[in-house]
Amino acid sequence: MTERAEGLRPETIAAAHGVASDVAFGAIAPPLYLSSTYEFAGFEQPRAYDYGRAANPTRDLLATALAKLEGGAGAILTASGMAALDLIVSRLPAGAVVIAPHDCYGGTMRLLKAREQLGQVSLRLVDQRDGDAVAAVLSGAPALMLIETPSNPLLRVVDIAALAARAKAAGAAVAVDNTFLSPALQRPLALGADYVIHSTTKYLNGHSDVIGGAVVAADAEQAASLSQWANIVGCGGSPFDAWLTLRGLRTLFPRMRQQQANAMAIARMLSDHPAVSAVHYPGLETHPDHALAARQQQGFGAMLSFDLAGGAAAAKRLVAALRVFTFAESLGGVESLIVHPATMTHADMGDDARRVAGIGEGLLRVSVGIEAEHDLIEDMKAGLAAC
């Protein structure tokens, strides 16, 4: 399928890229190449692959599939989502100004602040929905604008096309974290981004059994430069992880459809419950960014969060009462997970940063899986009854 079909729809690319591409035995499933090194054809005659850190056939197969799905010129696979972000950031010149959302993922903020403490970047955190605040940071000659939409954990949505246009006019490259939606529901490169970042651990793999990341570049030269840099620093993902992720990618679109439908049902139930003070899900018509999400995305995704009126004490009681939802970090798998951001995913932000971002003690974030909608609703009702 890899060579013989062009102009395919994304669903087909996800399901079939690399199928029946084995020239040795005609295997339907692509083979897994674990070799760390490759024989030269002769003196000064390297083959397409010579050493596994630089390139690997299995890794390249997944990279090509992701580039096609995102509409990019090339993709680079890394050992984790954080490594994907750092692949971009670590190439910046010393002291480069990096603009990031004030409410970005805790791990992202931790990495950027660590780079800043080493004097490698100058970090500017800003509410990217505030036009005046964005204008102020763009006046400081930024090198990179990082966009995270929908945001983690409050599901705020920002206008990628508008921000990208403003950032590029100021001379900054634009990278969008598309982990929450995947290319099944959002394609940032088509909206003006230079790079798309993924934690492939999440929806792309979909089964909570792989750690990995990816950067997709809109420009072929930038893709080649990133690939070279990944080889230099040695941050490439493992072939086995790439093989597993490609297998997970096969079901991306049907998984997302089921998970999204479940998420909408849960969000509507939560919005009517007296124990809940706020629900954060762009699919709800009451969400402040609903219209933007409907225009920019191809769906509303399967992530949501909600605030409990009873605060941290109520959150503790709710998670203790759940039986179908699992109290664990991460997201995007076929199983439903629930986390308490203030003490888990965003604990490293610190009290002040969480307060500014609006991450309260009663906030819970949910990654909705593919279980039966009825079971998820009844389990969440049981948790809420314990509040």
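Considering region 252-283, the residues that are within 17 Å of the chain's Cα centre (by Cα) and of a type in the set (S, T, N, Q) include one that is surrounded by the fewest Cβ atoms within 10 Å (Cβ to Cβ), namely GLN260.
Taking helices (runs of 4 or more DSSP H) as the structural unit, those lying wholly within region 278-387 and holding at least 3 residues that are closer than 29 Å to ARG187 by Cβ correspond to 290-296.
Residue count for region 284-315 satisfying the condition of being under 11 Å from LEU364 (Cα atoms) and surrounded by fewer than 18 Cβ atoms within 10 Å (Cβ to Cβ): 2. Annotation: of all residues in region 165-177 being in contact (Cβ under 8 Å) with a residue 40 or more places away in the chain and within 14 Å of the chain's Cα centre (by Cα), the one that is farthest from ASP103 (Cα to Cα) is ALA175. Looking across ALA94, ALA162, ALA141, one residue alone is surrounded by fewer than 17 Cβ atoms within 10 Å (Cβ to Cβ) and either free of Cβ contacts under 8 Å to residues at least 12 places away in the same chain or in the same structural domain as HIS287 (by TED's automatic domain parsing) (or both). It is ALA162. If we scan region 60-78, do we find a residue that is buried (at least 17 other Cβ atoms within 10 Å of the Cβ), touching a residue at least 12 places away in the same chain (Cβ under 8 Å) and over 28 Å from LEU8 (Cα atoms)? No, region 60-78 has no match at all. If the condition is being β-branched (Val, Ile, Thr) and touching a strand residue (DSSP E or B) at 6+ places or on another chain (Cβ under 6 Å), then region 347-387 contributes only VAL366.
The values are calculated or read from the model by the stated rules, or taken from the named source; none is laboratory data. Values in this document were obtained by computation on a predicted structure and should not be read as measured data. Positions of Cβ are backbone-derived with ideal geometry, glycine not excepted, and every protein chain shown enters the neighbour counts.
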